[in-house]
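Visitor: Questions regarding the structure given below will be posed in turn.
The values are calculated or read from the model by the stated rules, or taken from the named source; none is laboratory data. All values reported here derive from a predicted model rather than from experimental measurement. When we count neighbours, we look across all protein chains shown, and the Cβ atoms used for this are built from the backbone with ideal geometry, even at glycine.
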Amino acid sequence: MATDTTRVQIEEIAPFEAAEEINGGDVVLIDTREPHEYQEAHLEGGKLVPPGLLADEIATAAPDKSARTILYCRSGNRSAIAAAHLQGLGYENVASMSGGILEWQEQGLPVVAAHGMTPEQRERYSRHTLLPEVGVDGQVKLLNAKVLLLGAGGLGAPTALYLAAAGVGTIGLVDDDVVDASNLQRQVIHNTERIGLPKTESARIFIEGLNPDVKVVEHNGRLDASNILDVIKDYDIVVDGADNFPTRYLLNDASVRLRKPVVSASILGFDGQISTFVPYEGPCYRCLYPTPPPAELAPSCSANGVLGVMAGTMGTLQANEVIKLILGKGNPLVGRLLLYEALGTSFTELKVRRDPECPICGEHAEEIPESEMGRFPDYDAFCAGAGGDRQTLAS
Amino acid sequence: MATVRIPPVLRPKTGGQPEVEAGGADVGEVLRSLTGEFPDTEAQLFGEDGELNRYVNVYLNDEDVRVLQGLETAVKDGDTVVILPAMAGGAA
């Protein structure tokens, strides 16, 4: 069927025809409505180009003028006008979907809706959903994501705050410590009133006050070889803010076995390091640090001191990595180690390569049979005398 | 001359300096020139066999010298040598 719109013949196709083409692939799908309509519900893969921004944004959304390009709007009028406009711009194979998303939904075809997103959530996350890199789809991913934070202290506090504010639906917290006055210079998720409470509980209270969408799972204890697989298996991403080497190596080895990405940071004094380890896509922690340093090269923050805001800087960088991994957007720090030096306000990026000889993820790393999955080496012995003496998280 | 970046844990051994200028044609010579000037850094960087300690990562600019030519990696004027031990500070 063809319609005369602004004296140009355009092709119109019914929703079921559009659905067939979309499922067949190689279609550029353009949503010609306004952002608030798009947020409510849109077709999967539909790129938002509001009518008023067509001339400016179409080249980005649909760079190939010869590609099959299908436009839709609410009921089919705006997309027909936009289709005529695109033909005028030289697009060769444009169609407008008749009846728009209303007809599409009427026929029972699927949409990406703000389903699960209440009016309150749409309001709360509106600054996210306005971003093309997040959108409703991305926000729903965040709401469905499960992230485990190892440590609810210096790094864990700011990471948890921003992940909770971002609407990460499940946040697990592992910590066996209680809130101490000396924590409050940097552990901003706790407060003076909650001194003496378990850190996991204190953090949960704060998060629940910040965002009722977030379910907090308290793991009030410490990770060891006997429980680590059970604790991390249900999470999508683990954030490592542990303060001792045995735990860092244990987490690395377990996360490689279960193929869980780990966002790992550490801080000391005015210095911070961060990297993202995605098993088998990039290096693991052992590729970077095959052996832990001796005690004199590995002081703790309690012995050495740490600038409080360093925890915020590195913790929010961790949150940024987590959010990008959940969204599948951007370029996470895989194979890159970012160093931050706060006195000089300088960042340095170093390359980290997969080590073919890595005993955990290298070419010769042994396949671990199911029966051995829960068995780990003795990390305390591995790190003994090497600065890895097991400190409590309160150290 | 190359610039050697000193990690916080080694700064007490370099008089607190975060960066030290050191000469040498390759990474080994640059580090030897550092340990010559600040002898207390030697035991942290090198083992008894004269090799770099395994727990110390050394980068020439942004690349790990392990994937280059190790201590024999050539150093140009203005290059940066980064000494990097693992850190574990975080939760506490």
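Visitor: Could you identify the single residue in A:ILE58, A:ILE70 that is aliphatic (A, V, I, L, M), crowded, with 21+ Cβ neighbours inside 10 Å, touching a helix residue (DSSP H, G or I) at 6+ places or on another chain (Cβ under 8 Å) and assigned to a strand (DSSP E or B)? Please lay out each step first, then the result.
Guide: Values: A:ILE58 fails: assigned to a strand (DSSP E or B).
One residue alone meets the criteria, A:ILE70.
Visitor: Can you tell me which residue within the range B:1-46, out of those that are among the aliphatic types (A, V, I, L, M), part of a helix (DSSP H, G or I) and more than 9 Å from the chain's Cα centre (by Cα), is surrounded by the fewest Cβ atoms within 10 Å (Cβ to Cβ)?
Guide: B:ALA43
Visitor: Mind listing just one residue for me: the one in the range A:235-248 that is touching a Gly at 6+ places or on another chain (Cβ under 8 Å) and not in a helix (DSSP H, G or I) and, of those, farthest from the other protein chains (Cβ to nearest Cβ)?
Guide: Of all residues in the range A:235-248, those touching a Gly at 6+ places or on another chain (Cβ under 8 Å) come to A:235, A:239-246.
Of the ones still in play, those that are also not in a helix (DSSP H, G or I) are A:235, A:239-244.
On the way: A:TYR235: 17, A:VAL239: 10, A:ASP240: 7, A:GLY241: 4, A:ALA242: 6, A:ASP243: 4, A:ASN244: 5 Å.
Result: A:TYR235.
Visitor: I would also like to ask the following. How many residues are among the charged types (D, E, K, R) and touching a Lys or Arg at 6+ places or on another chain (Cβ under 9 Å) when one looks only at the range A:74-126?
Guide: Applying the first criterion (among the charged types (D, E, K, R)) to the range A:74-126 yields A:74, A:78, A:92, A:103, A:106, A:120, A:122-124.
Remaining after also requiring touching a Lys or Arg at 6+ places or on another chain (Cβ under 9 Å): A:74, A:78, A:92.
The qualifying residues number 3.
Visitor: Just need a number here: residues in the range A:118-170 that are more than 14 Å from chain B (Cβ to nearest Cβ) and assigned to a helix (DSSP H, G or I). If you could, list the steps in order and put the result at the bottom.
Guide: To start, the set of residues in the range A:118-170 that are more than 14 Å from chain B (Cβ to nearest Cβ) comprises A:118-147, A:161-170.
Now narrow it down to the ones that are assigned to a helix (DSSP H, G or I): A:119-124, A:126-129, A:135-144, A:161-165.
The qualifying residues number 25.
Visitor: Counting only residues that are over 18 Å from B:LEU84 (Cβ atoms), assigned to a helix (DSSP H, G or I) and out of contact with any Asp or Glu (no Cβ under 7 Å at 6 or more places or on another chain), how many does the range A:251-284 have?
Guide: Adding up the residues that qualify gives 6.
Visitor: Search the range A:291-336 for residues being buried (at least 18 other Cβ atoms within 10 Å of the Cβ) and facing another protein chain (nearest Cβ under 8 Å), and hand back the single one that is modelled with the highest pLDDT.
Guide: Per the criteria, the residue is A:VAL306.
Visitor: Within the range A:162-170, identify whether any single residue is of a type in the set (Ser, Thr, Tyr), over 19 Å from A:LEU48 (Cβ atoms) and touching a strand residue (DSSP E or B) at 6+ places or on another chain (Cβ under 8 Å), and answer yes or no. Give the steps one after another, and end with the answer.
Guide: Keep residues of the range A:162-170 that are of a type in the set (Ser, Thr, Tyr), which gives A:162, A:170.
Within this subset, residues satisfying the condition of being over 19 Å from A:LEU48 (Cβ atoms) are A:162, A:170.
Narrowing the set further to residues that are touching a strand residue (DSSP E or B) at 6+ places or on another chain (Cβ under 8 Å) leaves A:170.
The answer is yes, given that some residue of the range A:162-170 is of a type in the set (Ser, Thr, Tyr), over 19 Å from A:LEU48 (Cβ atoms) and touching a strand residue (DSSP E or B) at 6+ places or on another chain (Cβ under 8 Å).
Visitor: How many of the residues making up the range A:257-270 are surrounded by 24 or more Cβ atoms within 10 Å (Cβ to Cβ), in contact with a Leu (Cβ under 7 Å, 6 or more places away or on another chain) and within 10 Å of another protein chain (Cβ to nearest Cβ)?
Guide: 2
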